[in-house]
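Presented below is the structure to which this report refers.
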Amino acid sequence: MSIEMPRYKAPDFGLDIFRNAPDAAMAPAERDGIVPEGYHSTSMFPEYFKIKGRWLLAEESRMDSCVVYRPESNRLDVVEARNIRKGDLILLGRTEHGEDGIYVHAKGFACSGDALEDAFVFRQGRSRETSYSKDYDQLTELLRYEKQYGKVVWVMGPAFAFDRDARRAMQAIVENGYVHGLMAGNALATHDLEGAYLHTALGQDIYTQKSMPNGHYNHLDVLNLVRRSGSIPAFVEEYRLDNGIMVSCVKNNVPFVLAGSIRDDGPLPEVIGDVYQAANAMRDMVRDATTVICLATMLHTIATGNMTPSFRVQKGGGIRPVYFYAVDSDEFVVNKLLDRGSLSATTIVANVHDFITRLARGLGVM
């Protein structure tokens with residue numbers, strides 16, 4: 001199997017509905033962080049706005065944000081409401097089919113062969129009983145393509161750190177160039193570094209599952225040592241660590257964003273404690289991502305899904321899809337992502353330890 005990137009079909013702006021549509025309305029923000037009444041809120045799909053008789057694409061979209069027109073560059077920027085500045089020209093309108101000079105193009109990558117004609121068929125949902133063989137094959141080929149042409153961002157929960165083989169599989173995936181960015185919380189990094197230094201996670205051996213004497217101190221001791229070293233890379237070097245997810249990211253210069261939580265121990269020096277700064281850092285990392293894979297972390301998955309569009313404008317003006325995967329052992333978690341509007345996601349219900357080891361074997365790195 002080889003990956004063939006779907007072709008984007010832009011709207012035909014020669015049609016009467018587009019030619020007869022009015023220019024989109026806009027109004028200035030009255031002060032920082034406050035948008036005008038009737039503002040337009042964005043989706044993850046390509047959205048076009050008619051400005052001075054021409055339809056412009058908002059290139060870096062995301063869900064639940066505002067569109068700002070920059071007259072000096074004739075550009076549309078998608079901006080979170082909290083980042084709006086007084087005087088910004090905000091696009092207005094609540095319709096999506098051209099009536100207000102706004103068109104949401106939800107089917108730019110649609111394939112006519114995907115539609116099912118039968119009104120009744122079994123197993124249309126995604127559950128533990130779903131056949132995922134094709135999904136694994138497609139993801140394997142996609143990652144091989146993205147290794148050369150794209151940017152793959154992984155969003156990971158702490159479950160990976162609790163299993164030796166899962167850590168080894170993810171380490172191999174990093175070392176072989178299939179990871180261009182990592183987003184997680186304090187827990188994933190802390191327990192992964194605990195695994196690298198003490199071979200435990202929360203005091204339990206990551207292979208035998210045997211609890212170590214006073215093991216509940218292990219992650220706290222590791223946190224203290226990392227903070228003493230001053231950074232994760234300094235800790236890795238000082239203690240000559242050679243295994244795990246964070247170690248492989250450090251040694252392969254893979255950037256990571258660690259978003260803080262109110263329940264964090266420590267935290268690690270790199271953890272961003274301000275939630276809005278963390279959100280900005282995550283947005284910067286996914287801004288040019290072409291594939292995003294979220295694993296065993298419901299809130300990070302939903303947050304990332306909300307800030308990731310379904311398309312990416314490439315250099316030269318071409319438009320390609322952004323692939324978004326959500327993997328969790330709980331059907332509720334992956335379905336919650338779909339309920340929140342991230343309709344372009346592919347969901348897989350699986351234990352992430354099994355998922356990542358199967359994927360690593362499919363890529364031929366284990």
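The values are calculated or read from the model by the stated rules, or taken from the named source; none is laboratory data. Since the model is a prediction, treat every value here as computed from it, not as a measurement. All Cβ positions, glycine included, derive from the backbone under ideal geometry; neighbour counts span all protein chains shown. Remember, those area values only see protein heavy atoms, side chains included, never the ligands or the DNA or RNA. Shrake-Rupley method; radii C 1.70, N 1.55, O 1.52, S 1.80 Å.
Quick check: is even one residue across segment 82-97 out of contact with any helix residue (DSSP H, G or I) (no Cβ under 7 Å at 6 or more places or on another chain), touching a residue at least 24 places away in the same chain (Cβ under 8 Å) and within 30 Å of E146 (Cα to Cα)?
No, that holds for no residue.
Is there a residue being part of a loop (DSSP other than H, G, I, E, B) and free of Cβ contacts under 8 Å to residues at least 60 places away in the same chain anywhere in segment 280-296? Spell out how you get there, then give the answer.
Of segment 280-296, the ones part of a loop (DSSP other than H, G, I, E, B) are 287-290, 296.
Now narrow it down to the ones that are free of Cβ contacts under 8 Å to residues at least 60 places away in the same chain: none.
Checked against the condition, which is being part of a loop (DSSP other than H, G, I, E, B) and free of Cβ contacts under 8 Å to residues at least 60 places away in the same chain, segment 280-296 yields no hits at all.
Search segment 269-301 for residues being among the small types (G, A, S) and more than 20 Å from L142 (Cα to Cα), and hand back the single one that is least open to solvent (accessible area, probe 1.4 Å). Quick ask: steps written out before the conclusion?
Residues of segment 269-301 among the small types (G, A, S): 273, 278-279, 281, 289, 296.
Remaining after also requiring more than 20 Å from L142 (Cα to Cα): 273, 278-279, 281, 296.
Details: G273: 71, A278: 5, A279: 26, A281: 25, A296: 27 Å².
The extreme case among them is A278.
Got a sec? Which of L258, L337 is farther than 23 Å from R144 by Cβ and assigned to a strand (DSSP E or B)? Please lay out each step first, then the result.
Working: L337 fails: assigned to a strand (DSSP E or B).
None of the others qualify; the one that does is L258.
Suppose we keep only residues that are more than 21 Å from K147 (Cβ to Cβ) and surrounded by fewer than 21 Cβ atoms within 10 Å (Cβ to Cβ) within segment 320-332. Which one would you say is modelled with the highest pLDDT?
S329
Any idea which residue in segment 107-127 is modelled with the lowest pLDDT, counting only those that are within 23 Å of the chain's Cα centre (by Cα) and within 28 Å of D330 (Cα to Cα)?
Pass one, segment 107-127, residues within 23 Å of the chain's Cα centre (by Cα): 107-110, 125-127.
Subsequent filtering for residues that are within 28 Å of D330 (Cα to Cα) retains 125-127.
On the way: G125: 55, R126: 69, S127: 76.
The qualifying residue modelled with the lowest pLDDT is G125.
Among the residues of segment 193-235, what is the count of those that are in contact with a strand residue (DSSP E or B) (Cβ under 8 Å, 6 or more places away or on another chain) and surrounded by 21 or more Cβ atoms within 10 Å (Cβ to Cβ)?
Final tally of qualifying residues: 5.
Only one of these is closer than 30 Å to E237 by Cβ and within 16 Å of the chain's Cα centre (by Cα): T297, T346, T301. Name it.
Numbers: T346 fails: closer than 30 Å to E237 by Cβ; T301 fails: closer than 30 Å to E237 by Cβ.
When all the criteria are applied, what remains is T297.
Across segment 138-147, what is the total count of residues that are modelled with pLDDT of 95 or more and either open to solvent by 20 Å² or more (accessible area, probe 1.4 Å) or closer than 13 Å to A289 by Cα (or both)?
Qualifying residue count for the region: 6.
Kindly list, by first and then second residue, each pair from a residue in segment 134-154 that is more than 20 Å from V254 (Cβ to Cβ) to a residue that is of a type in the set (S, T, N, Q), limited to pairs with Cβ atoms under 8 Å and residues at least 6 apart or on different chains.
D135/T346; E141/S2
Could you tell me whether any residue of segment 302-314 is touching a Gly at 6+ places or on another chain (Cβ under 8 Å), in contact (Cβ under 8 Å) with a residue 60 or more places away in the chain, assigned to a loop (DSSP other than H, G, I, E, B) and buried (at least 19 other Cβ atoms within 10 Å of the Cβ)?
Within segment 302-314, not a single residue is touching a Gly at 6+ places or on another chain (Cβ under 8 Å), in contact (Cβ under 8 Å) with a residue 60 or more places away in the chain, assigned to a loop (DSSP other than H, G, I, E, B) and buried (at least 19 other Cβ atoms within 10 Å of the Cβ).
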